[in-house]
Structure formats: structure tokens, C-alpha cells
Amino acid sequence: MSKINIPQRLKMLRSNDEVACELISFIQEQNLSSVALVTTGTPNHLITNDIEVALFDKVQKLKTFQVINASIAYVNQLPLTDFNVVVGIGGGKVIDTAKYAAHINNIPCISIPTAISNDGICSPVAVLKEKHNSYKSLGASIPAALFVPLHIIESSDEESIISGIGDLLSNLSAIEDCKLAAVENGEFIDDYAVMVSKQAALSVYSEIQNYILQRKTKSQFIKENLETIVESLALSGVAMEIAGTSRPASGAEHLISHAIDELFGGLKPHGIQVAFGMFITTFLRAELGLIEKKYFEELRAIFRFLGLPVRLSEIGLTENQLVQILQHAPNTRPNRYSILNKINLSHEFIKELISTLFGQKTTITV
Ligand SMILES: [Zn+2]
């Protein structure tokens, strides 16, 4: 049986002092005396300064590393041999750097995310730059503890929170691909990982539907559900740890986003691109009769509520670019069987799909 690591502590906090107190109490309990802080300058310098001051006389060794370029090469040259814990304070790139640095140095990682733009805040996966414009998904240490500075996240820009929600909702698309891969490609499906991933996404999905029914606003939803969103993103990471792969949170919708990155250098934050991918994959599944059409209509209403892209102009692509993206998407991760393996990715078919989904045509011929 493989060993599953679950974070030992998860705290939602409301001030820099609270974060520092929880961090000190955890590292003292775990006898961690040499602490490497991994962060960036603005906008994280205030919380980092407060944590440095609080830790100064509580540990034997303390050093702060500023991430300039979140790449594999950067992590490989970090001098961490004398440290016994890495603390990441920052957004997605910083947390991924900290998780991978902890992994290759075989020491624990603590995650203090100052933004929630993707599901990496507490996952065993790090996405880091490999070469020019190419990113690699790497196995990493799932954080031993997650201390969430809600006071910072709630003042982060709305697009970054919407991106996190997009990445979370996309689990529902990834799960459909897990099921398809099991039936059509004989792949093992980890039921427990799928259940955790699904429940994480559904808790946010159904709450958004309640807000739509009650005619409340997107801002109200974010303000009143920030903890639920963070918890669900953390659960998503745990689902990946249980599965031993990103599979339960990454299917064809992620392949579409990877293709956007590879062909056009990325147009929107990761979670917004994967949400756009999900919009296409969910439509395809409904057209193929794999799911009921009402689920696609539900998703469209949720996307409109959140301001996620439901038109080509909103993601910033032309029809021809989207044809290239859908044809390239399966090549970005050839071993990941998905809904894209089930259709004929000819130019004509994709054109027809695009005009049905984004234009005037009513159904596609499959
Ligand atoms: Zn993702």
C-alpha cells in the first residue's frame, strides 16, 4: 500500500501575528530549528517581515530566499542542505517553488498562500518553468501544514480568486475523463480520490447555484465563501495525493489550457484557461450524450455569474486559433486519455463544434 500524506494542520487566520504564532507553535512542536523562507518582494514583504521578526529568536537558523524566476534550475541551485523546513509565503509560483525545494531536499514544507489562483496551495504537484515558455508538472511534497492568511487573500484581486474557483470547478470535468479512461482505456480509477475531488468542487458549485437563485452578486459570493473556497482547494490537493497523480483534478480541460500556453504563451490565469477548457469539454460530453444537456446549461449560468469566459472574445482567441489549440491539446500530455481521444479532431469537426458552441448553429454532427 502506498503511503498518503495529509497536512497535519490547517488554520484560517486573520492577521500576520496569528500566522506567525501558528507557524512558531508548529515548528517548535516538530523540532524544526533551521527555517528557509521562500517568498517574493511585493506584495508579500509585510507578512514576510512580520514572520522574520517573530521567528528571529525562536530558531537557530533563518534565511529568506526571494524567488526571482520560479524555474526548476532556480530550485536546484537553492542552498538548502543545512535547513530542516521550507516555508513558502506567496502566490502559486512561490508555493510551487517551496513544495519542490522541500521535495528534492527531503524536508517538510509549510504553505502560507497569499493568493488562491489555483489548486496548488496544498497539493503534491509543482508546476515550474523548464525552458523558455515551457513548464513541467513535477512531483512535490504535499505541505505538512497550511496556514491561510485570509486577511491578505480577501484583499487580493478578484480575477485571481475567480481563477482559483475555475481550477476547482474543473475537477468535475477531470472526473468525467477519469471515468472515461477507466471504461475505454482500462485505467485504474481511484474511487476515494475521485469522491474527494468531486465533493470539493460540488460544495462550491452548489453554493454558486444558491447565490444565482437568490439573485445575490459575485462579490457577495466571494466575500461570504472564502473559507469554503480555500478548504475545497486544499481538499483538491489531498485528492491528488490520494490518487498519486493530478488525474482527479486535471483532464482534457487542463490539456486545452496547456495547449494555449504552448501555442500562444498563456492568455489568462491558469484557472480561467482551464475553466474555458471545461466549458468546451462539458459541451462536448453533452453533445455526445455522456452527460445530460442540462448540466452544460447549469455550467453556462455559473460561468456567467462568475464572469468566466463563455465567448471566444472573452478568452481572447479567434476560431482558427481554437482549432489549433484543440488539435494540439492531446499532444501536451499524450498519456492522459480524455474526451479529446473520443472525437475526430479534424478541422471540419472542430469548426462545426465552435460554430455550435459559440455561434448560431444548434447541434453538431457526431
Ligand atoms: Zn489546475
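By a straight-distance test (C-alpha under 26 Å), which lysines pair with LYS131 as possible cross-link partners, with residues fewer than eight away in the same chain excluded?
By straight Cα distance, LYS131 reaches LYS93, LYS99, LYS268.
Using DSSP loop states and a limit of at most 11 other Cβ atoms within 10 Å to flag chymotrypsin sites (Phe, Trp or Tyr not before Pro), what is the longest stretch of the chain containing no flagged site?
Result for the longest clean stretch: 189-366.
Rounded, prolate or oblate: which one fits the stretch 158-358, using the alpha carbon gyration tensor with axes a ≥ b ≥ c (rounded when a/c is under 1.5, else prolate when a/b beats b/c, else oblate)?
Note, shape of the stretch 158-358 comes out oblate.
What's the exposure ranking of THR42, THR318, going from fewest to most Cβ atoms within 10 Å?
The fewest-first ordering by Cβ neighbours comes to THR42, THR318.
Which shape class applies to the chain: rounded if a/c is under 1.5, otherwise prolate when a/b exceeds b/c and oblate if not, where a ≥ b ≥ c are the square roots of the Cα gyration tensor eigenvalues?
prolate
Need the C-alpha centroid separation for the stretch 191-254 versus the stretch 1-53, integer Å.
Their Cα centres are 24 Å away from one another.
If a/c stays under 1.5 just call it rounded; otherwise compare a/b with b/c (prolate if a/b is bigger, oblate if not). Do that for the stretch 52-92, with a ≥ b ≥ c from the square roots of the Cα gyration tensor eigenvalues.
oblate
Assuming 0.36 nm per residue, please report the length gained on full extension of the stretch ASN76 to GLU292 beyond their Cα-Cα distance.
Answer, rounded to one decimal: 73.0 nm.
Computed from the coordinates by the stated procedures, all read-outs in this text should not be read as laboratory data. Predicted model only: the values in this text are computed from it and were never measured. Heads up, the Cβs are rebuilt from the backbone with ideal geometry, glycines too, and the neighbour counts pull from every protein chain shown.
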